[in-house]
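Every number in this text was worked out from the coordinates using simple rules, so none of it is lab data. Keep in mind the model is a prediction, meaning the values are calculated, not measured. Quick reminder, even Gly has a Cβ in these numbers, built from the backbone with ideal geometry, and neighbours come from all protein chains shown.
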Amino acid sequence: MTRKNGFIFFALIFLLMNLLYGTTAFADDPTPTPPTVQLGTPISQTANNFFRINYTGCGGVTAPVVNSGYEQQVLDLVNSERASNGLPPLKRMDSLNGASRYHGVDLAQDDYFEHDSYDRVNGNLQYVCGTWDRVLSYYGSDWRSLAENIAAGYATPNDVMDAWMTSDGHRHNILSANVWEIGIGYYEGTGTYYRYWVQDFGRKSGRYPVIINRDAASTSSQNVQLYIYGAGDFDEMRLRNNDGTWTGWMPFQSNYDWTMDGYTGNQTVTVEMRRGSSTATSSDSIYVDLPFPRLGGLPTELGFLYSRADSGELVPAQHRISPTNTNTTESLNWQASDNVNWLSLSPTSGSTPGTLIVRPVNLNSLTPGTYNGTVTVSVTNPTNTLNSPTQISVQTVVVNVPLKKVFLPMIQR
């Protein structure tokens, strides 16, 4: 076979294999088409031109929470943007959450994208009610300002917030000084755009939100920052944690540094405000996730050797141990005890940092043998300390023969 004929032969074989088994792709696979996104027209409403229609078939349903983490991230981003623009944070309200979540689900399941509410009947969209009818079916009356942003298709909280903040109308709603409260809804799984985002904003007459740490979900510190709405309406305020004691009355301050109680769990700050006979009370809650102190620095066991034949030689003469707090910076108050009559503890109580000396006593009265005891170290304050109490096993071996001392030379290079 000539070289040319051989080349043609193998080319035909290659073509035949491709036809039988599929063509090999030499180029990279094309990048998937990004999902279609949609940004709704921002809307807002003031009390002087509101028109109410029937509520029939409009909201009133508790929609599922699909991704609470996404919703919290949107809230964090909103309040971060407001802080960057010198504005107070918004307080997240369950009622506005309800209106937002319902609309997100409704947009997806009936596959439309409007602020007003529609139902799909026999494949056709049928108007149900206006935006504010839906929102107020959750939010109630006595409102002063309302606003809503919607979006669809955006994959993450950062994506949708970037889109809203680069749109003048949506940005205006997010940075409006006329609203004090917010609800956030996220839904995914159906509809043309698959992911749906809703923000509902509001302000109620006579309601003065208190907001801890810009409405963060949790804090790892007792020290928090409060924002208290009501400047200009009140002269004085007082505060308390949970069901604790009120502080004294003090001049009203919108921004106030506050200390939560020193335990891990959900905690509430309540603020009472007054001017003359006019008063208002508001509260906010946050999960305080404090690191617990931990008792450490203690051995699990101690050992002694005592010779009755060497004028009562004890090796070692004592053990010096140091209870410490291995988890936080606060000092631990501790106390120590033992369960035998041949141990001496000095001191029997102290605080970290400190030293506890453990030493056997009255050993000459003991017959040769092995004696076991326990030293217990307990923290008395703070009471939520981990690893308290800690028990240390102590063993003392009593012998009747002299102890031989062995010296081992050490060579250091």
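For the chain, the longest principal axis of the C-alpha atoms and the axis of helix 68-84 are separated by about 80°. With mean projected area of the Cα convex hull in nm² in mind, check [x] 22.8; [y] 46.2; [z] 21.3 and report the label derived from this structure. This structure yields the entry labelled [y]. Normalising the average separation of contacting C-alpha pairs (under 8 angstrom, six or more residues apart) by the number of residues puts the relative contact order of segment 305-395 at 28 percent.
Note on Gln318 and Asp168: with the Förster distance fixed at 56 Å, the Cβ-Cβ geometry gives a FRET efficiency of about 0.15.
Farthest towards the positive end of the charge dipole of segment 181-339, among the residues Val269, Leu298, Ser221, is the Cα of Val269, using unit charges on the Cβ of Lys, Arg, Asp and Glu. Charge dipole (Cα centre; +1 on Lys/Arg Cβ, -1 on Asp/Glu Cβ; no other charges) of the chain amounts to roughly 1440 debye.
Given 0.36 nm per residue, what is the gain on full extension from Ser80 to Thr355 after removing their alpha carbon distance, in nm? Mind showing how you got there, number by number?
Numbers: separation 275, 0.36 × 275 = 99.00 nm, distance 4.76 nm.
Here the answer is 94.2 nm.
Comparing Thr41, Thr131, Thr329 in a Gaussian network model of the chain, where Cα atoms under 10 Å apart are tied by springs, the biggest mean-square fluctuation is seen for Thr329.
Compute the relative contact order of the chain as a whole-number percentage, counting only Cα pairs closer than 8 Å that sit 6 or more residues apart in sequence. Show your work: numbers first, answer last.
On the way: 861 pairs, mean separation 50.8, N = 413.
The value is 12 percent.
Loop-resident chymotrypsin sites (Phe, Trp or Tyr not before Pro) (DSSP state other than H, G, I, E or B) in segment 226-256 with no more than 14 further Cβ atoms inside 10 Å of their Cβ: Trp246, Trp249.
Between the residues Ile174, Thr383, Thr247, the greatest Cα displacement towards the positive end of the dipole of the chain, with unit charges on the Cβ of Lys, Arg, Asp and Glu, is found for Thr383.
Taking the Cα centre of segment 113-267 as origin and assigning +1 to Lys and Arg Cβ atoms and -1 to Asp and Glu Cβ atoms, the resulting dipole is close to 80 debye.
Label Asn327 and Gln253 with points 7 Å out from Cα along Cα→Cβ: what is the distance between them in nm? About 3.2 nm separates the two model spin labels. The distance from the alpha carbon centre of segment 272-286 to that of segment 61-86 is 25 Å, rounded to a whole number.
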